[in-house]
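Notes follow once the structure below has been shown.
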């Protein structure tokens, strides 16, 4: 670094000792949104800790692509190691590259078509069961569906509803613990026998036991499976040795957690919006009824659902599931016109980026038509629900196909109607989820249903 040091300014409102902690605690989403008014890069303080917030899509692209080698994944991802110490979503450096190359074939676009049939046979009976249920806790229902899709497509197993609930509760507990530890990074507290720590340890044991059963079954029947679990069991490290048991357990656990939560909350928000937009719902039903037939579903069929896909994209934009992302500088680096020293904590928010009026017209309006090809598209780096660069989520095609398929299947059979109650508001937890959302499934009796229950 030279003497002509360029450092980001602090956001106004900093209070001695606590910094910006008060507005961050009161409403973290609104606080981060207001920070965009103070420039492309700005600093905040939380107690004695300083955090640099990046608001500019150009700076984000620079950090995530050409200068990505100067950054690690940061504090939040460090705490997500509760799911697996060196699993792909949290791995760094050469280990990340090796694991990504190993697992990438399972998410190649040629594989997606193979997964579509499994997705359908998994989802259809689950939504058919709504016939006998009262008002749905929609987020929980979507989590159970997407969790089963991941397990069926990637692990060749599907738990029953009770077992699925147990796994889901454990995932939620570990996510809550990771966020709590990231926002209050005091390692000593993580080792104390507090109730939160006891719940997190118990949840970790439940997750590992569930994944362990999958691995044992694959080991006992090696010729019966051709999925990502069997891929990991047969994989070799660069030195020719097989992956350690702990590594396999961590990778599968990490996939299960990462692969279900974000898609579930995206679908929850999508149907929340449809519940108050009857014109959009009618347009969705019209497209689904015209495209879905008795023929097997394929990726080609999904390409004939452009409006359904636009609904998914708009839900990802307005309600970005991964609302807060972290990085940390590993060495001094210049970002734009700003010099950052080694060890600086960096955050950015896809949620606020995707709601920036300088990037999107009428950004708070749910408008799937903004994704029509004839409409002006956001600039590069302004829409990054799956990240960018070498750390972009490699399951993005899987997630988009899954969300499109689930939306279409639900719309082919049901209308989801909101249950009266408190206003739904976004909550910034590990993902951006609704405060509470209960909906009633009303059968569509006048349409041809697509391959109902299996």
What ranking of 194, 118 emerges when the number of other C-beta atoms within 10 Å of each C-beta is taken as an exposure proxy, fewest first?
194, 118
Listed highest first by mean packing, meaning other Cβ atoms within 10 Å per residue, what order do 270-278, 138-146 come in?
138-146, 270-278
Value of [θ]222 nm, deg cm²/dmol, for the chain, DSSP H segments ≥ 4, -39500 (n - 2.57) each, nearest 500
-15500 deg cm²/dmol
Suppose each label sits 7 Å from its Cα in the direction of the beta carbon; what would the residue 66-residue 48 distance come out to in nanometres?
3.8 nm
Kindly list the residues of region 363-399 that lie in the label zone of residue 97, defined by a backbone N under 20 Å from the point 7 Å along the Cα-to-C-beta vector.
388-395
Residue order, fewest to most beta carbons within 10 Å, for 28, 201:
201, 28
State, to one decimal in nm, how far the label point of residue 220 lies from the label point of residue 392, with both points 7 Å from Cα in the Cβ direction.
4.2 nm
Over region 55-128, what lengths in whole Å, largest first, do the semi-axes of the equivalent ellipsoid take, defined as the square roots of 5 times the eigenvalues of the alpha-carbon gyration tensor?
31, 17, 16
Can you tell me the relative contact order of the chain? Whole percent, Cα pairs under 8 Å, sequence separation 6 or more.
24 percent
Quick one: order 101, 444, 36, 114 by neighbouring beta-carbon count within 10 Å, fewest to most.
101, 114, 444, 36
Quickly rank 246-255, 68-77 as a protection proxy: mean count of other C-beta atoms within 10 Å, highest first.
246-255, 68-77
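Only the coordinates and a few stated rules stand behind these numbers; no lab work does. Model, not experiment: these values are computed from the prediction. Virtual Cβ from ideal backbone geometry, glycine too; neighbours counted across all protein chains shown.
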